[in-house]
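*Asks:* Here you go, one structure.
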Amino acid sequence: QLSNADDTMLARVQLAMRKYYQDSSGIQVGEDAPSFLVSSLNGANDYHLEDFCQQGVPLVLNFGSCS
């Protein structure tokens, strides 16, 4: 069961990705990922995707289930 913070984060990611794909032809290999806001688990803080990026270190987003 998702908490309200999880629901909010999921909705923000879905909205950002939908807007990105409506505004572009999609992501091509080698292009930067679109920037979007993600919320902390408790919903108290918002972060941009690039806040988690480090030079030379790939950023992997896993949208799958951990159960």
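Every residue, every condition in (1) at pLDDT 80 or above; (2) open to solvent by less than 70 Å² (accessible area, probe 1.4 Å); (3) among the hydrophobic types (A, V, I, L, M, F, W, C); (4) not in a loop (DSSP other than H, G, I, E, B), yes or no:
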| residue | (1), (2), (3), (4) |
| --- | --- |
| 5 | no, yes, yes, yes |
| 8 | no, yes, no, yes |
| 18 | no, no, no, yes |
| 21 | no, no, no, yes |
| 25 | no, no, no, no |
| 28 | no, no, no, no |
| 32 | no, no, no, no |
| 51 | yes, no, no, yes |
| 65 | no, no, no, no |
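*Asks:* When you go through (1) open to solvent by 70 Å² or more (accessible area, probe 1.4 Å); (2) at pLDDT below 80; (3) more than 17 Å from residue 53 (Cβ to Cβ) one by one for residue 12, which number turns out not to apply?
*Replies:* For residue 12, the failing item is (2).
The values are calculated or read from the model by the stated rules, or taken from the named source; none is laboratory data. All figures in this text were calculated on a predicted structure; none of them were measured in a lab. Every residue, glycine among them, receives a Cβ derived from its backbone with ideal geometry; neighbour counts consider all protein chains shown. Each accessible area value is taken on the protein alone, full model and side chains, heavy atoms only, with ligands, DNA and RNA left out. Shrake-Rupley method; radii C 1.70, N 1.55, O 1.52, S 1.80 Å.
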